[in-house]
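A short worksheet on the structure shown next.
The values are calculated or read from the model by the stated rules, or taken from the named source; none is laboratory data. Since this is a predicted model, take the numbers as computed values, not measurements. For neighbour counting, all protein chains shown are included, and Cβ atoms are generated from backbone atoms with ideal geometry for every residue, glycine included.
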Amino acid sequence: MKLYYKPGACSLAPHIVAREAGVAIDLVPVDLARKEMQDGGDYTAVNPNGYVPALDIGEGPVLTEASVVVQYIADAGPQSGLMPPAGETARYRAQQWLAFVATELHKGFSPFFKPNTPEATKTAQREHLTRRLGFLDAALADRTYLMGETFTAPDAYAFTVLRWAPAAGLDVSTFPNVARFMAAVSARPAVKAALAEEGIA
């Protein structure tokens, strides 16, 4: 498998999952501003939407969308337990967390990376994210990770997105359980290795 990524972007989540699952992937860096790959190739020929992650699975078009890519990689290493088996209630709980991160956190941070976002929009998004962080903090009150005491794919995605909090002027340390979660994930060897490989340790 080949993962197209940008250091620190949401593609970090599938990178972490691959390392946690022991699934071999080739990393292909992408210059998102220029929509160009390291060899000078046009990235939009790989993913017409021009964003990461994109996962070449060796058949058909690349897989896109972080919440889907992390599941595919986790399922490629089922012994890791990063995604519960299909059909089990826990699988849907994990997918619920992936959807929450994608729609309520990931998209909430997006305006802060766009240079022409009006300040009023940023203020509204900051308030929205603060509410969602409050929800997350409460959910983590009695557990280390989103699904309990076992690290799963949703944790990799949440950790990746929450690393963007400073860009939005948010301090996760004001949410003690979220801060504890971030510290726990940061300490994992596979996470350290992924961050180091992307040059963002």
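Name the single residue that is surrounded by the fewest Cβ atoms within 10 Å (Cβ to Cβ) among those in the range 35-54 being outside any loop (DSSP other than H, G, I, E, B) and out of contact with any Lys or Arg (no Cβ under 7 Å at 6 or more places or on another chain). Can you show your working first?
Start the filter on the range 35-54 by keeping residues that are outside any loop (DSSP other than H, G, I, E, B), which leaves 36-37, 42-45, 54.
Checking which are out of contact with any Lys or Arg (no Cβ under 7 Å at 6 or more places or on another chain) leaves us with 36-37, 45, 54.
Details: GLU36: 15, MET37: 16, ALA45: 9, ALA54: 24.
By that ranking, first place goes to ALA45.
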(request) Give the residue that is modelled with the lowest pLDDT, with candidates limited to residues of the range 30-59 that are farther than 25 Å from ASP155 by Cα and among the charged types (D, E, K, R). (result) ASP39
(request) Give the range 146-184 a look and list any residue that's in contact with a strand residue (DSSP E or B) (Cβ under 7 Å, 6 or more places away or on another chain) and charged (D, E, K, R), or say none. (result) ASP155
(request) Return a yes/no flag: does the range 56-72 have any residue that is in contact with a helix residue (DSSP H, G or I) (Cβ under 8 Å, 6 or more places away or on another chain) and farther than 30 Å from ALA187 by Cβ. (result) yes
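I'd like the full set of residues that are touching a Lys or Arg at 6+ places or on another chain (Cβ under 7 Å) and either within 22 Å of LEU98 (Cβ to Cβ) or at pLDDT 95 or above (or both), limited to the range 188-201.
Going residue by residue through the range 188-201, those that are touching a Lys or Arg at 6+ places or on another chain (Cβ under 7 Å) are 190, 193-194, 201.
ALA190, ALA193, ALA194 - these are the residues of the range 188-201 that are touching a Lys or Arg at 6+ places or on another chain (Cβ under 7 Å) and either within 22 Å of LEU98 (Cβ to Cβ) or at pLDDT 95 or above (or both).
Return yes or no: is ASP171 touching a residue at least 24 places away in the same chain (Cβ under 8 Å), out of contact with any Gly (no Cβ under 8 Å at 6 or more places or on another chain) and not polar (S, T, N, Q)?
It is false that ASP171 is touching a residue at least 24 places away in the same chain (Cβ under 8 Å), out of contact with any Gly (no Cβ under 8 Å at 6 or more places or on another chain) and not polar (S, T, N, Q).
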(request) Can you work out which of the residues in the range 188-201 that are in a helix (DSSP H, G or I), aliphatic (A, V, I, L, M) and touching a helix residue (DSSP H, G or I) at 6+ places or on another chain (Cβ under 9 Å) is surrounded by the fewest Cβ atoms within 10 Å (Cβ to Cβ)? (result) ALA193
(message) Against the conditions (1) assigned to a loop (DSSP other than H, G, I, E, B); (2) farther than 30 Å from SER80 by Cβ, where does PRO61 fall short? Just the number, please.
(response) (2)
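In the list LEU27, LEU12, which residue meets the criterion of being within 19 Å of THR152 (Cα to Cα) and touching a Lys or Arg at 6+ places or on another chain (Cβ under 9 Å)? Even if it seems obvious, please write down each step before you answer.
Numbers: LEU27 fails: within 19 Å of THR152 (Cα to Cα).
Within the list LEU27, LEU12, the selection yields LEU12.
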(message) Restricting to the range 68-80, and then to whatever is small (Gly, Ala, Ser) and not in a loop (DSSP other than H, G, I, E, B), can you tell me which residue is surrounded by the fewest Cβ atoms within 10 Å (Cβ to Cβ)?
(response) ALA76
